[in-house]
Amino acid sequence: MSIRICVAGATGWTGSAITAGVLLAPDLKLTGAVARRAAGGDIGEAIGAAPAGVRVSASVEEALQAPTDVLIDYTAPQVVKAHVLTALAHGVRVVVGTSGLTAADYAEIDETAKARGLGVIAAGNFSVTAALAKHFALLAARYLPSWEIIDYAGASKVDAPSGTVQELAEEMGQIKRPELGMPIEQILGAPRTRGESIAGIQVHAVRLPSYIIAFETIFGLPDERLTIRHDAGSGAEPYVVGTLLAARKAMELHGLVRGLDRLLFDE
């Protein structure tokens, strides 16, 4: 039986690619789509494809009136938590591709999902190669003492750091805190130029025109360095495979799983 999917943010930059991917997947069935500006129209036509026979809804609440197994959310930071909790209240599992949620938000979502026996998968980045970069950085952090993270994106990106880097820093901080040559509080001049500390790790966010999305973890030792970097191109295709994998996996899970790498690697 096909997994019934609703996509929130279905006409957005990533959401439209996800929607097209669901329509093409033989084991998935698109039953709902949310996009306020395209509400009332056919989702296939809204993304420039053939008519799909699925009406676009103005809200998640409205879209979930149709039988749904998994909600995939690629909307905005200010609404994603409400979307997740609405879906769980309807007995629907969730894949969260929207960044901007806090640790407290994730804790509440995890508790709610477990109470209802439903799976939620959230990732700052659903690209398989980005998940590999994260996995390699977590592996390196076990053996190397010092590192910092640089987060790159276009000038108009609203969140800093990106969800990808927030997730990476928090998980690396669980392994250990990196050693600093000079404690931040002892820096002369402007200590904030050393970045923001997230889970004890210095993170630097660059936001400039011509950048798309990239992150790098730099490990330093005397006389040598290791850089683990991921660069995304200008299209949303890299996120489709990982998102649809997560939608399938969400059917088997109870509670929250953060990070695509958790689905790819058995630790």
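The values are calculated or read from the model by the stated rules, or taken from the named source; none is laboratory data. If you're wondering where the values come from, they're calculated on a predicted model, not measured in any experiment. Here the Cβ positions follow ideal geometry from the backbone for every residue, glycine too, while neighbour counts run over all protein chains shown.
Inspect the stretch 19-33 for any residue being touching an Asp or Glu at 6+ places or on another chain (Cβ under 7 Å) and surrounded by 22 or more Cβ atoms within 10 Å (Cβ to Cβ) and give the result as yes or no.
No: zero hits.
Determine which single condition Ala205 fails, assuming it passes every other condition in (1) of a type outside the set (D, E, K, R); (2) touching a Ser or Thr at 6+ places or on another chain (Cβ under 9 Å); (3) surrounded by 18 or more Cβ atoms within 10 Å (Cβ to Cβ); (4) not in a strand (DSSP E or B).
(4)
On the given criteria, is Ala103 in contact (Cβ under 8 Å) with a residue 60 or more places away in the chain and closer than 17 Å to Val79 by Cα?
Considered against the rule, which asks whether it is in contact (Cβ under 8 Å) with a residue 60 or more places away in the chain and closer than 17 Å to Val79 by Cα, Ala103 comes out as yes.
For the stretch 47-70, enumerate the residues that are touching a Lys or Arg at 6+ places or on another chain (Cβ under 9 Å) and surrounded by fewer than 19 Cβ atoms within 10 Å (Cβ to Cβ).
Ala58, Ser59, Ala66, Pro67
Condition first: buried (at least 18 other Cβ atoms within 10 Å of the Cβ) and of a type in the set (S, T, N, Q). Now tell me which residues in the stretch 87-111 satisfy that.
Thr98, Ser99
Tally time: how many residues in the stretch 74-97 are among the basic types (Lys, Arg) and in a helix (DSSP H, G or I)?
The total comes to 1.
Do we find a residue being assigned to a helix (DSSP H, G or I) and within 21 Å of Ala33 (Cβ to Cβ) anywhere in the stretch 62-73?
Scanning the stretch 62-73, I find at least one residue that is assigned to a helix (DSSP H, G or I) and within 21 Å of Ala33 (Cβ to Cβ), so the answer is yes.
A quick yes/no check of all residues on (1) farther than 26 Å from Ile5 by Cα; (2) touching a residue at least 40 places away in the same chain (Cβ under 8 Å); (3) touching a Pro at 6+ places or on another chain (Cβ under 6 Å):
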| residue | (1), (2), (3) |
| --- | --- |
| Asp223 | yes, no, no |
| Leu226 | yes, yes, no |
| Arg229 | yes, yes, no |
| Tyr239 | no, yes, no |
| Lys249 | no, yes, no |
| His254 | no, yes, no |
| Leu260 | no, yes, no |
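State which residue is nearest to the chain's Cα centre (by Cα) when the search covers only the stretch 229-253 and only residues that are of a type in the set (Val, Ile, Thr) and crowded, with 21+ Cβ neighbours inside 10 Å.
Applying the filter and picking the extreme gives Thr243.
Can you tell me which of Ala137, Ala160 is within 21 Å of Ile218 (Cβ to Cβ), assigned by TED's automatic domain parsing to the domain that holds Ile228, touching a strand residue (DSSP E or B) at 6+ places or on another chain (Cβ under 9 Å) and crowded, with 16+ Cβ neighbours inside 10 Å?
After ruling out the rest, the residue left standing is Ala137.
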